[in-house]
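Worksheet: the structure to be examined is printed underneath.
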Amino acid sequence: MEKIALFGTSADPPTVGHQTILHWLSQHYDRVVVWASDNPFKKHQTPLIYRTEMLGLAIADLNLPRNNINLHPELSDRYTLVTANKAREKWGDKVEFSLVIGSDILGQITSWYRIGELLAQVKVLVVPRLGYGIKEADLCALNKVGGKVAIATLNAPKVSSSTYRLEKDNSLITPAVNNYIWQKNLYNVENQVISNK
Ligand SMILES: Nc1ncnc2c1ncn2[C@@H]1O[C@H](COP(=O)(O)OP(=O)(O)OP(=O)(O)O)[C@@H](O)[C@H]1O
Ligand SMILES: O=C(O)c1ccc[n+]([C@@H]2O[C@H](COP(=O)([O-])O)[C@@H](O)[C@H]2O)c1
């Protein structure tokens, strides 16, 4: 049975952490389906079109031997259930979907939109995130609402989009994403330089 990883991200902006996760998924799944989306729990995100384009650049920058990671903007929805239903329509019943989440949101996923229906469609793959241990109580809570959980064996770097937004540290993103941010003047990078002078 084909195994497909589903990885939705705010990508605001995509970081080297997202890239490490994608690299690992590429080696462990037949296909990796990626989309940028609005997060119903977050406010004031960069317009989705920019985040989608940055995510495409971060994927292209990976240059991996297996050509199995694809950006699917048409699947994007603030509710992952809607995305999972669209993916099921697209790839049919004979595939196994794993929804990829970082351990920082493991405790939150039980409050997602119609979580029981989502968990009937997908397994959950938890990526350990430094500073966010995987709690037995969260695994039990997810299990109670029908979650089938696996834990990924990778060490992602301790980086986040919010750290980039705060510090504008280029080492957290890829060169192509950095160029894009400058071209579009996202995250006030130009003002940042002027105010630093
Ligand atoms: N460095 C990382 N290690 C482990 N998981 C990560 C890492 N970066 C992102 N993730 C996971 O990838 C998914 C998408 O993350 P997201 O795009 O929100 O990045 P973020 O760095 O958490 O953003 P922000 O800092 O704006 O909240 C989430 O499930 C998140 O937990
Ligand atoms: O379906 C939901 O209720 C839901 C609630 C919060 C987050 N999500 C999705 O979770 C994914 C990861 O979000 P983020 O902001 O951590 O990258 C992203 O695709 C969001 O749309 C989905």
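The values are calculated or read from the model by the stated rules, or taken from the named source; none is laboratory data. Bear in mind the structure is a predicted one, so any value in this text is a computation, not a measurement. Neighbour counts are summed over all protein chains in view; Cβ atoms, including those assigned to glycine, are modelled from backbone coordinates with ideal geometry. Just so you know, the surface numbers come from the protein's heavy atoms only, side chains and all, with ligands and any DNA or RNA stripped out. Shrake-Rupley method; radii C 1.70, N 1.55, O 1.52, S 1.80 Å.
Observations on the structure shown:
- Cα Rg, Dmax (largest Cα-Cα span) when computed across the chain, Å: 16.8, 58
- The charge dipole of the range 63-148, taken about its Cα centre with unit charges on the Cβ atoms of Lys, Arg (+1), Asp and Glu (-1) only, comes to about 100 debye.
- If a spin label sat at a point 7 angstrom from the Cα of Arg88 along the line to its beta carbon, the backbone N atoms of the range 117-143 nearer than 11 Å would be those of 117-122.
- Of the trypsin sites (Lys or Arg not before Pro) found in the range 90-126, those that fall in a DSSP loop while having at most 14 other beta-carbon atoms within 10 Å are Lys94, Arg114.
- Antiparallel %, DSSP beta bridges [both residues in the chain], to 5: 5 percent
- Spin-label pair Thr153-Glu190: with each label point 7 Å from Cα along the Cα-Cβ axis, the two points sit 4.9 nm from one another.
- With 0.36 nm allotted per residue and the present C-alpha distance subtracted, the Met1-Asp169 stretch has 56.3 nm of extension available.
- Largest-first ordering by accessible area, 1.4 Å probe, given options Asp30, Asp93: Asp93, Asp30
- Placing unit charges on the Cβ atoms only, positive for Lys and Arg and negative for Asp and Glu, gives the range 115-197 a dipole magnitude near 40 debye about its Cα centre.
- Over the residues of the chain, the helix contribution to mean residue ellipticity at 222 nm works out to -11500 deg cm²/dmol, using -39500 (n - 2.57) for each DSSP H run of at least 4.
- The chain - charge dipole about Cα centre, Lys and Arg +1 at Cβ, Asp and Glu -1, debye rounded to 20: 180 debye
- Pairs of Lys residues in the range 1-110 are counted when their Cα atoms are under 18 angstrom apart and they lie 8 or more places apart or on different chains; the count is 4.
- Gain on full stretching of the segment that runs from Glu136 to Tyr79 - 0.36 nm per residue minus C-alpha separation: 18.0 nm
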